[in-house]
Structures are given as C-alpha cells and as structure tokens.
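Accompanying notes for the structure given below.
The values are calculated or read from the model by the stated rules, or taken from the named source; none is laboratory data. What you see is a predicted model; the values in this text were computed from it and never measured. Positions of Cβ are backbone-derived with ideal geometry, glycine not excepted, and every protein chain shown enters the neighbour counts. To get the accessible areas, we keep the full protein, side chains included, count just its heavy atoms, and leave off ligands, DNA and RNA. Shrake-Rupley method; radii C 1.70, N 1.55, O 1.52, S 1.80 Å.
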Amino acid sequence: MKKTIILGIESSCDDTSAAVIADGVILSNVIASQAVHESYGGVVPELASRCHQQNIVPVVSEAIKRAGISKNDLSAIAFTRGPGLMGSLLVGTSFAKGLSSALRIPMVDVNHLQAHVLAHFIKENDTDTNQPQFPFLCLLVSGGNSQIIKVTSYNKMEVIGQTIDDAAGEAFDKCAKVMGLGYPGGPVVDRLAKEGDPKRFKFNKPHIQGLDYSFSGLKTSFLYMLRDNLKENPQFIEENKNDLCASLQATIVDILMDKLRKATKETGIKEVAVAGGVSANSAVRAAFEDHAVRYGWKIHVPKFAFTTDNAAMVAITGYYKYLDGDCSSYDAVPFARVEL
Ligand code: KG4
C-alpha cells in the first residue's frame, strides 16, 4: 500500500526546520538554528524572519534529500500556523502554500503546542511501539508555556492547568540573565546545577488554586535575595553560582511536579508525558523517573532532539490531522497567539 508521506515545516521562532515522516516513521529532521540572536540576549523578531527566508529552501531540500524521497512522493505539507512570531510564521506558511500549490497536494495547518505534545508519537522505525496510551497527561514546559494537558486522542486535548504569568522556561532564563549567564539561560543553569547544592537556598513557592502555575513570584524572590546578598558581598553570585543554580532549578521542578501530582490524583490518569524545551532539563527528567517509581506513573520523556522546536513534531501532527481529513485552505493566515 502507498505510504502517507508528510513534509513538516516549522518556523515559529528562531529555528528553521523541515522533516519528513512516512506512516508515522521519521525519515529526516533538519534544523537550522540562528546564532545571530545570542549577542542580543533574546530573539530579535526581524532578524528571525530574515534568517528563515535565507534558510527555508536549503532546509526543505536537505530534509527531502536525507529522507531518500522525491518531492513528488509527498502526500501533504504540514506547517506551523501558530503560536509564534508573526514574521517567522509567515515564512513557513507562505512557503507551504507555494509548494502545496506547485505539487498539487493538500497542506495541513498545525498548532505548535499540539505538535510538542504529539512529538511523543514520532516513531523511530516500524517496530517502535513506545508511544503513550490515551488518555494521558502531558506537562508542556517551554519558554512561552507551562501547561498541564489532558490528551484523549491525537486531535483532542484539553488544558487543565496553566501558568497565570511567566512560563517555567522564562523563570530559568530571567534568573539566569540576572546572574549574567547569557541567553537562553536554562541549559546553563542545568549544567552549573550539577555541581551545586539544591538545598542551599530557599525561595518562595506560589500558593495558586487548582492546577494553575505561577513563576513570577519566584523570579522576584530570586532577584531580591541576590540584591540583598550583593550589598554585603559583591562577589556573591560568582562565589555561589552552582548552589544558586541548583536551588533555583530544584524549586522550579518542585513547583512543576506538585501540580502534576495533583493532576494525576484528580484525573486518576497515571500515564504522564513531558514536552517542550524545559523537558531537556536533567532535574525534570530525574523527577519524572522518581515519580514513576514512587507513584507508579508510566512516564514518557522525549528524545533531546524533540524537546526544542523541530519539524518532525509538526509532520507527525500533520499526519494525524491528514488522516482525519482536516486539511487547510489557501486563505489560512498564521496566528501569533492561539490556544490549544
Ligand atoms: O520549546 P522551546 O525550545 O521554545 C519555545 O519556548 O518555543 O523552549 C525554550 C526554553 C528556554 O526557556 C530554555 O531556557 C529552556 O527551554 N531550556 C531549558 C533547558 N533546555 C532548554 N531549561 C532548563 N534546562 C534545560 N536543559
């Protein structure tokens, strides 16, 4: 039987990515990152759009080449419609329209958040059966989101808890920035925390009702603590960097896992996944392993390549939408903000 082959295109922020998936099995996943933003301490939207324009053709060509297929083998083109930076999204959306029209195949618009969740269904090969069973809970933690999602099928999911202010990734990045650790700070905090004492410093934890999160109080508490100590000792950050990172990381992970445990109790669901950039964090991963043992959770932690933005997750989401006949029309416009 002819395979369903999907080309995925991701351009929501500062990574230009293209991937090919055949009947759910990954054939290629090419990512061009944009180093240009590092010296600015954050993503510059105007520069991101320009880089996407430069990268999109070579990245898509390379993904098709590495997959060992011809563009005429494609069944459909999936693209990220939002949320993300408007200028960046426009590049991927317009490219998808052009290619879809030229090849006379459908295109499928993909919600970036749904794609992070469905990254767990990307198969490495035909015999890979390590995917979550429905229903499951997914902790989606990135630079822009911290959500607990109840997933009942590929195309049916409900946000049951989310941050009311900053995202977990923002908490990592903003606290790292005040310590002078560069951008994005999350991976640096993770690395330094390995040499530090997670119990050395205590920070305020939020008291938020239900399953929602809040990280802005932690950021403020961290900032005040640094300010007070720097008055006494200007070398405070330098001398305590590892312990500060370890304590900050432990607090963020505690906040995330407290609500996730509550969600498993309330829903009775013990199949639990984690997704998004912060799922690369070693303490998050260790906490999941620990909860699997202590609370009998069946856990799903993504491969590192699928934690940050990538087109394989867009292609797999496009695949399941395509199977549902949920294709997009040519007047589709990107959404900078869109709910799950
Ligand atoms: O999902 P993502 O690549 O981008 C979006 O937000 O769309 O997530 C990026 C976030 C950044 O805040 C980054 O600092 C964080 O993920 N991150 C980490 C780690 N790797 C990436 N945070 C903590 N530990 C890590 N190892």
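Before moving on, here are some points about what is shown:
- Of all the residues in the stretch 280-306, those that are in a loop (DSSP other than H, G, I, E, B) and either open to solvent by 30 Å² or more (accessible area, probe 1.4 Å) or within 16 Å of the ligand (Cβ to nearest atom) (or both) number 5.
- Number of residues in the stretch 38-47 that are open to solvent by less than 60 Å² (accessible area, probe 1.4 Å) and either away from the ligand (no atom under 12 Å from the Cβ) or among the β-branched types (Val, Ile, Thr) (or both): the value is 4.
- Output for the stretch 5-32, where each listed residue is small (Gly, Ala, Ser), away from the ligand (no atom under 15 Å from the Cβ) and in contact (Cβ under 8 Å) with a residue 60 or more places away in the chain: Gly8, Ala18, Ala19, Gly24
- Residue within the stretch 62-78 that is farther than 25 Å from Asn125 by Cβ, modelled with pLDDT of 95 or more and not acidic (Asp, Glu) present: no
- Taking the stretch 94-170 and the strands (runs of 3 or more DSSP E) fully enclosed by it, the elements with 2 or more residues that are within 13 Å of the ligand (Cβ to nearest atom) are at 136-141, 146-153.
- A single entry from Pro198, Pro187 fulfils the requirement of being open to solvent by 30 Å² or more (accessible area, probe 1.4 Å), part of a helix (DSSP H, G or I) and not aliphatic (A, V, I, L, M): Pro187.
- Pairs, first under 13 Å from Ile299 (Cα atoms) in the stretch 127-153, second assigned to a loop (DSSP other than H, G, I, E, B) and within 16 Å of the ligand (Cβ to nearest atom), C-beta under 9 Å, six or more apart: Gln131/Ile122; Leu139/Gly276
- Lone unmet requirement of (1) among the aromatic types (Phe, Trp, Tyr); (2) within 12 Å of the ligand (Cβ to nearest atom); (3) within 20 Å of His116 (Cα to Cα) for Tyr183: (3)
- The lone exception for Val91 - which of (1) more than 23 Å from the chain's Cα centre (by Cα); (2) open to solvent by 10 Å² or more (accessible area, probe 1.4 Å) it fails: (1)
- Set side by side, the residues Ala19, Ala78, Ala67, Ala32 differ, and just one is in the same structural domain as Glu124 (by TED's automatic domain parsing), touching a helix residue (DSSP H, G or I) at 6+ places or on another chain (Cβ under 7 Å) and surrounded by fewer than 24 Cβ atoms within 10 Å (Cβ to Cβ), which is Ala32.
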